[in-house]
Amino acid sequence: MILVGTCRLASGPFAWTAYAATWRHGVEDFARAAGLIERGVDAMLAHPETRTRDLGGKLGTGAFTAGLLDALERELAMAE
């Protein structure tokens, strides 16, 4: 486990990335990025055609990730 502020994160690649992002950019930027990712994942899971096969969709993990990155880029562009 990694402790970031008062948040406990599971160990693994995501946890180390989160820790590095927090250390470099501060908790506020990390919280903003986490919210952006969470909204993107929610948007992808809201529609069966953008879900992975294990969740009743047709996408593999690579296609899901590509779609998520596209959604994040769109949201960032709208925020500018």
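The numbers here are math on the coordinates, done by the rules we state, and not lab data. Just so it is clear, the model here is predicted, and its values are computed rather than measured. Cβ placement follows ideal geometry from the backbone for every residue including glycine, while neighbour counts extend to all protein chains displayed.
Distance between the 7 Å Cα→Cβ label points at residue 79 and residue 31: 1.4 nm.
Under a 5 Å amide H cut-off, with hydrogens placed 1.01 Å from N, residue 57 pairs with 52 among residues at least 5 apart or on other chains.
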